Structure formats: structure tokens, C-alpha cells
1. Being in contact with a strand residue (DSSP E or B) (Cβ under 9 Å, 6 or more places away or on another chain), of a type in the set (Asp, Glu) and farther than 25 Å from SER420 by Cα, is that true of even one residue in the range 169-190?
2. If we scan the range 180-195, do we find a residue that is within 16 Å of the ligand (Cβ to nearest atom), in contact with a Pro (Cβ under 8 Å, 6 or more places away or on another chain) and not polar (S, T, N, Q)?
3. Determine, yes or no, whether HIS340 is within 16 Å of the ligand (Cβ to nearest atom) and over 28 Å from LYS46 (Cβ atoms).
4. Identify, from the list PRO95, PRO67, the residue that is out of contact with any Ser or Thr (no Cβ under 7 Å at 6 or more places or on another chain) and more than 29 Å from ALA385 (Cα to Cα).
5. How many residues, within the range 89-98, are surrounded by fewer than 23 Cβ atoms within 10 Å (Cβ to Cβ) and closer than 19 Å to LYS370 by Cα?
6. Could you identify the single residue in GLU438, GLU403 that is of a type in the set (D, E, K, R), closer than 22 Å to PRO329 by Cα and over 26 Å from the mean Cα position of the chain (by Cα)?
7. Failed condition for LYS449, given (1) under 20 Å from the mean Cα position of the chain (by Cα); (2) closer than 29 Å to LEU317 by Cα, with all others met?
Amino acid sequence: MEHNRILLNADQMPRAWYNIAADIKEHLVPPLDPRTNKPMDAAGLKPLFAEALIEQEVSTDRWISIPQEILEQYSIWRPTMLVRARQLEQYLQTPARIYYKNEGVSPPGSHKANTALPQAYYNKIEGIRRLTTETGAGQWGSALAFACQKFGMELMVYMVRCSFEAKPFRRTLIRLWGGNVVASPSDLTQSGKAIRARYPDTSGSLGIAISEAVEDAIHREDSHYTLGSVLNHVMLHQTVIGLELKEQLKNINEKPDVLIACTGGGSNFAGMVFPFVPDKLGGAKMRFVAVEPASCPTLTRGQFAYDYGDTAKFTPLLKMYTLGHDFVPPAIHAGGLRYHGQSPLLSALKKMGVVEAIGVQQQAIFEAAKIFINTEGSVPAPESAHAIRAAIDEALEAKKTGEPKVIVFTLSGHGYFDMSSYELFLDNQLQDYEYPQEAIDRSMKNLPKIGYPG
Ligand SMILES: Cc1ncc(COP(=O)(O)O)c(C=O)c1O
């Protein structure tokens, strides 16, 4: 019998993160100060982030060592398994070989733990006592709660209101690890109060929750803010996924034809794909497919422009694909993909034509999740089911052409806290939602007018 689980030897484990900025420097532009619209230097970020993280944010060194303390924590669940999805292949009757990298096996249940640990660690060693953050589906908030518990830090999580209500057990998990969690918008911050006064029934958004978490951290000496996606240092930490994957594929003599991941702010996609980008830039034939919800179509229908990361315009301006900082997406069940912006590094790769993007509807992703559950067995997060949908569609395409292509996707998290969404799917109560062009155009009108560069 052939094995489906592809492991790694201890000497193949990554000891440094891969920094893609070293290889695409000429395509990158700096963040801008939201007060002056001029390039922001590292000092401008100090009230918010640990110095080591700021250094990583602007670094163009290709490799950055992973501290021993982090390697020790990673070893609780890393390396993650690469699995050949043979039963899925058989069900689809495809000549394609399908593999998935299972990041759902971390203690909090997703890839977010890969960056939560170093973010808590660097803050801790610089004397910070308390962290603040936002969370969509609760995956990032719970991952950071896990990391804060490991390093003895306090945590305040602003959780997007619709997820706060739909995912009560993620709240429990945050609290079990000792974190505090409130629904956003809340009454604890000026920005939260302002939004509630204007839109009393709002379901919230990541943009609003980020404003609250930033405002909270900026007013306290003992606190820093952390972000679970979008920023360069987050993409950097996630590259352990792709670095392990490369070695695992080498161990079985496979070369991937297509790598697929879902994208909210881009971090699980970046983590898997970035270590393969130098191969593609060097001529290797490989496709990278980013999958997003059709209801929050940042890469597929957004503009490549400087924009704020949050609704209240506190964050630096980043050059990225965006739907506009005041865009509030519908309350879909993949809460972690409801973000108006996208990683500047991933955005640059999309602009360069290295990465392609597609949008998929909610009903179709839950149907794909159901096929996965009935073949491979485990329950994926609705976010990860976007990648499964695209992998299934690639495999069905291969069936038409007879091409035995190698498809690899990231299973970014498990869905055992998403049962209420699955319940609605089983009861035929999920709705598809195509974001109307007028609404996108309206929010694009509020993009900041930036003259930089030139
Ligand atoms: C399981 C899971 N996958 C994917 C995402 C999207 O984030 P990113 O694009 O940064 O990977 C999230 C965000 O919360 C998530 O919880």
C-alpha cells in the first residue's frame, strides 16, 4: 500500500524564513505616513510594533533566522503533514495528483499560529506586556491568545461583530488561553463609538476592528498592536509552510504544476507560494492561484492603489489591491476573507503577472467542502474550502484534457468551530452574493489621492 502522508526529516526543517522582498525589490514601494502622504520611515511604526518586527517589515535580506524559542514552539505541531488526497482523486476520476498541506493541525487550528508566536515573542523580549489585535473569524485572535499564553502576555481582541455572534466557541478558545475579547465595533474606543453612532446595526468589518485595536494600543505605553495578515513580516513568518512543502515534494520527486490557496490578506497564500516564486521567475513552469470570495473581490475587481488598512485611517498607506477602506463586505461565512485590502507583496506579484486570482461563490465552496469531507474525512474552515473548490475545478479540467498535473493546495485551517455555517449549508439557507459594481465604484471614490511617487 502506498503512503498518503509525506513527512520530513529533522535536518530538512526550515531554520530561517524566506524574505521575498530580496527578489522583487524593484517592484515594491514604501508605505506612506497617513498624516503626510510621504514615505514612512521605521521610526513612524515604533508606537505600534516591536523593533525586530519593523526591521523584518523593511528588510531586503533573503533569509532571516528563526529564533530557537520559536523553533521549540513550532515543534509542537510542525512539520505539518503533506497529504496525497487519493480518495478525492478517485471520487473526481481525475488523472491529476492532488496534495494538501494541512495547517489545520496547529493548536489553535490554523496557519495563523506560525506568525502569532514570533509576534508575541519579539514584543515580549522588547518589554511589551500587552498586545491588541482584531480578528475576523476568530482564527487569528485565538492563535494570538495561544502565543500570548506561551510568552505570558496580556491580550485584547476586537472581534468582528458578525463572527462574534456566529462563532461563540472561538471566543471561548481565546478566553481559555487567557485573552480578552469584545465585539467590534465596541464602545471601548472612539472609532468604535463613531461607527456605532452612524451604523447602529453594522455587522462590523476587519477594517473597523483594526481601527479599534490600533487606537487601543497607541494610547498605552505597555501595549503594541499586532496584525494577523497583510504586512510583510507576517508573510515572512508564514514561509515555513512553503519551505517545508518544497522539501516534502523533493522527498517524493514531485514537481507542482499549480499551487492554490485562499486569500483574505494573503498570508497562507504567501506562506505556501513565496518560496516557489524564485523558481518561476527563473523559468520553471508553475501556476499560482489565489482564491477569494466573489463577495469580497479584492484581487479580481479591486484597484492597485495606495489605501489605508483600516476604516478610521490610522494605519500607514499601503500600495495594494483594495476595494476601498470603507468597504463593508456582506456577512459571508468565511469571515477571515472579509478584508478590503491585500498584502502589498502579493499585490505586487499579481501586478507582475506572477500570480493569478479567481473569485468563487459561497454555495460552491461549501459544496467543495462537502466533497472533501466525504472523501478525505476532515472538516475544512470555510476559508480553506475556497482553495479546495479551486483544486477540484483544476482536477476536473485535467480530466477533460487527460493531463496528469500535480495540484497542491493549503488547507489553512480546520472547520470544527464553523458548524453553524455548515448547518445553514445543509439546510439550504446559504446565499450567494455578487458585490454590485456601483457599490465598489462608490467606495473607490474615497481612495486617498496620492501623488507618490512622482
Ligand atoms: C483558516 C483561515 N484561512 C485563511 C484566512 C485568510 O487569511 P490569510 O489570507 O492571511 O491567509 C483566515 C483568516 O482569518 C483563516 O482563518
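The values are calculated or read from the model by the stated rules, or taken from the named source; none is laboratory data. Being a predicted model, the structure only gives us computed values, none of them experimental. Here Cβ is always computed from backbone atoms with ideal geometry, including for glycine, and neighbour counts include all displayed protein chains.
1. No.
2. Scanning the range 180-195 turns up no residue that is within 16 Å of the ligand (Cβ to nearest atom), in contact with a Pro (Cβ under 8 Å, 6 or more places away or on another chain) and not polar (S, T, N, Q).
3. No.
4. PRO67
5. The qualifying residues number 5.
6. Numbers: GLU403 fails: closer than 22 Å to PRO329 by Cα.
That would be GLU438, the only listed residue that is of a type in the set (D, E, K, R), closer than 22 Å to PRO329 by Cα and over 26 Å from the mean Cα position of the chain (by Cα).
7. Condition (1) is where LYS449 drops out.
Residues checked against (1) more than 14 Å from the ligand (Cβ to nearest atom); (2) in contact with a Gly (Cβ under 8 Å, 6 or more places away or on another chain):
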position	(1), (2)
THR298	no, yes
ARG301	yes, yes
ASP310	yes, yes
LYS313	yes, no
PRO316	yes, yes
ALA331	yes, no
LYS351	yes, no
